[in-house]
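These notes concern the structure reproduced below.
Values quoted throughout were computed directly from the atomic coordinates according to the rules given, and no laboratory measurement underlies them. All values derive from a computational prediction rather than experimental measurement. Here the Cβ positions follow ideal geometry from the backbone for every residue, glycine too, while neighbour counts run over all protein chains shown.
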Amino acid sequence: MPFARGAEDSRGDSRPRLSRRATLDGVAGNQIAERRSAGQPRAAVPTLSKPIRSAMFKKILIANRGEIALRVICACKELGIRTVAIYSEADRNSLHVRFADEAICIGPPQLGQSYLNIPSVISAAEIANVDAIHPGYGLLAENANFAEVAETCNIKFIGPPPEITRLMGEKEKARAAMKKAGVPILPGSEGILASDGEAMEWAKQVGFPVIIKASAGGGGRGMRIVRSEEELPALFKAASSEAAAAFGNGDLYMEKFVEHPRHIEFQILADQYGNVVSLGERECSIQRRHQKLLEESPSTQMSAELRVQIGQVLCRTLSEIGYVNAGTIEFLMDEDRKLYFIEMNTRIQVEHPVTEMVTDVDLVKSQILLAAGERMEDVLHGPVLHRGHAIECRINAEHPEKFTPSAGRITTFNPPGGTGVRIDTAAYAEGVIPPYYDSLIAKLIVRGKDRAEAVSRMARALEMFIIEGIYTTIPLHRRILADPDFRAGKVDTTYIERFLAQDGKTEAPAEGHSGKREVAAKT
Ligand code: MV4
């Protein structure tokens, strides 16, 4: 086990923990900033005294694994911050363990006993004596209780305050908050639907088709499209019991159903002093079973005027709400190119690199600086500019037809390089993909001067990306990149269904690197 290090060598700092906590040093030459305790009262805009410079973190624990854990380690290294990896027994030989300054094994492979076990993660943070925790995405990233426990232990959670995570986790409340602030939403119900009778009243007012959604929902669970009065009672009941079973909360709300919507989301950053900036949009319409496959920025459907208009209303709204750190606001775009808020995500997202590629802003570094109390003007140096076009392909370890996870040992790993190509991954040749976790193993991101250059660059990068030993979505992406509709920017959330229905009936591109060859390489 060449990369394994246990808890025994994790105490790089021999000073007693409590005394260190009590004397958290300021950055040399700056005033010592008092660390605010859990609850994080919003700092008053400092007008009377000089703004207090933040006490930059000395050590951060990364409560995640895989490519995002490595991504956070990269940001910390560039900021001169020590890193602590946590890992399960299945991840002993992972690159996040190798590249972190310290690593602590927190339990067996099962998520509930390792990365999702709050007491284990907090214990590791206490033992390693970290100043802050970066949760990455997924896992505990949007768990308000985890953020609260961390801050009770005087460890900064790198993300928004728990109350905001909780608000945005209740989709119906998030919708009401956005409506109140003037963000456009779809016509729909007000408050939680008390009964199928109340749902019927709203549906008649809004007009069919409508969609019933779970307030605690996400990922499409507890969602039902209702096209007529007759089918409403049964679908209401089904959505409610599905939501209750999945989330322990059967609360439902309703919206007008948008046919063939695009999924477009805005990236924002917010400091602790009410300053919020928009970094523009990502087009994420290419999804299969609510899992994004490919994202790009900018959206071909977004005008500069609409980008500015939505950006402004979001910045004002999130400042009012008291949002802090990075966040993503999801919209549906209808066939008239109108945008409607649907949900807000209070974490860094998988697809954040496409925004980084077109704005040159390091979003993960920004998250860390903002969490440490830096002001926006010191995090971003000047206005956010958008240049060129970026595309990301998510490379998942999964079977090409069944879409089931494909675990095992990678035998060949040849990532492409060259101008405008970025790969975020924790995979390597001879590395093992364990069966317990998310199937995302690499993100291939390209930028180009315009969409056409980004598309041709992505096509050649996919051609040169060889992974053998496990099945991946690389062959699927090669075919999407060759699809005339994709090339023309004709994508919406129903694109992938149409694509898969006609896929295979046409010739696979790039002789020698077709799906078949890599399927054969599996054996
Ligand atoms: C919708 C919709 C149409 N109309 N809401 C799916 C997951 C959840 N985040 C929101 N979803 C949708 N909400 C209204 N009023 C269609 C979808 C939807 C979808 C949205 C984004 C990306 C892919 C999707 C696939 C199917 C349905």
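Tabulated data
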{"read-out": "Whichever residue in region 136-164 is of a type in the set (Val, Ile, Thr) and more than 23 Å from GLU67 (Cβ to Cβ) and, among such residues, is nearest to the chain's Cα centre (by Cα)", "value": "ILE164"}
{"read-out": "The listed residue being part of a helix (DSSP H, G or I), of a type outside the set (Ser, Thr, Tyr) and out of contact with any Phe, Trp or Tyr (no Cβ under 9 Å at 6 or more places or on another chain), out of GLU126, GLU142, GLU151", "value": "GLU126"}
{"read-out": "Filtered residue count, region 88-121, keeping only those that are of a type outside the set (Val, Ile, Thr), closer than 22 Å to GLU151 by Cα and buried (at least 23 other Cβ atoms within 10 Å of the Cβ)", "value": "4"}
{"read-out": "Lone qualifier among ARG447, ARG460 - being surrounded by fewer than 18 Cβ atoms within 10 Å (Cβ to Cβ) and either assigned to a helix (DSSP H, G or I) or under 23 Å from the mean Cα position of the chain (by Cα) (or both)", "value": "ARG460"}
{"read-out": "Pairs, first in contact (Cβ under 8 Å) with a residue 40 or more places away in the chain in region 217-244, second hydrophobic (A, V, I, L, M, F, W, C) and part of a loop (DSSP other than H, G, I, E, B), C-beta under 7 Å, six or more apart", "value": "GLY217/MET223"}
{"read-out": "Every residue from region 388-398 that is under 19 Å from LYS365 (Cβ atoms) and either of a type in the set (Ser, Thr, Tyr) or not in a strand (DSSP E or B) (or both)", "value": "none"}
{"read-out": "Restricting region 300-316 to residues that are farther than 11 Å from ILE329 by Cβ and assigned to a helix (DSSP H, G or I), the residue that is farthest from the chain's Cα centre (by Cα)", "value": "GLU305"}
{"read-out": "Residues being of a type in the set (Asp, Glu), away from the ligand (no atom under 15 Å from the Cβ) and in contact with a helix residue (DSSP H, G or I) (Cβ under 8 Å, 6 or more places away or on another chain) - total across region 293-328", "value": "1"}
{"read-out": "Tabulated pairs, region 438-459, first free of Cβ contacts under 8 Å to residues at least 60 places away in the same chain and within 21 Å of HIS399 (Cα to Cα), second among the β-branched types (Val, Ile, Thr) and part of a strand (DSSP E or B), C-beta under 7 angstrom, 6+ apart or interchain", "value": "LEU444/ILE395; LEU444/ILE423"}
{"read-out": "Hey, ARG347 assigned to a loop (DSSP other than H, G, I, E, B) and touching a Pro at 6+ places or on another chain (Cβ under 8 Å) or not", "value": "yes"}
{"read-out": "Unique residue being in a helix (DSSP H, G or I) and among the acidic types (Asp, Glu) when the list is GLU259, GLU242", "value": "GLU242"}
{"read-out": "Residues located in region 239-255, provided they are buried (at least 19 other Cβ atoms within 10 Å of the Cβ) and either aliphatic (A, V, I, L, M) or within 13 Å of the ligand (Cβ to nearest atom) (or both)", "value": "ALA239, ALA243, LEU252, TYR253, MET254, GLU255"}
{"read-out": "Residue check for GLU163: surrounded by fewer than 18 Cβ atoms within 10 Å (Cβ to Cβ), in a helix (DSSP H, G or I) and in contact (Cβ under 8 Å) with a residue 12 or more places away in the chain", "value": "yes"}
{"read-out": "Which numbered condition ARG166 fails, given (1) within 16 Å of the ligand (Cβ to nearest atom); (2) touching a helix residue (DSSP H, G or I) at 6+ places or on another chain (Cβ under 8 Å); (3) not aliphatic (A, V, I, L, M)", "value": "(1)"}
{"read-out": "Hits in region 273-292 - residues which are over 18 Å from MET344 (Cβ atoms), surrounded by 22 or more Cβ atoms within 10 Å (Cβ to Cβ) and away from the ligand (no atom under 16 Å from the Cβ)", "value": "none"}
{"read-out": "Exclusive hit being more than 13 Å from the ligand (Cβ to nearest atom) and either β-branched (Val, Ile, Thr) or in contact with a helix residue (DSSP H, G or I) (Cβ under 7 Å, 6 or more places away or on another chain) (or both), set LEU269, LEU235", "value": "LEU269"}
{"read-out": "Flag if GLU230 is more than 22 Å from GLU343 (Cβ to Cβ) and either more than 13 Å from the ligand (Cβ to nearest atom) or among the β-branched types (Val, Ile, Thr) (or both)", "value": "yes"}
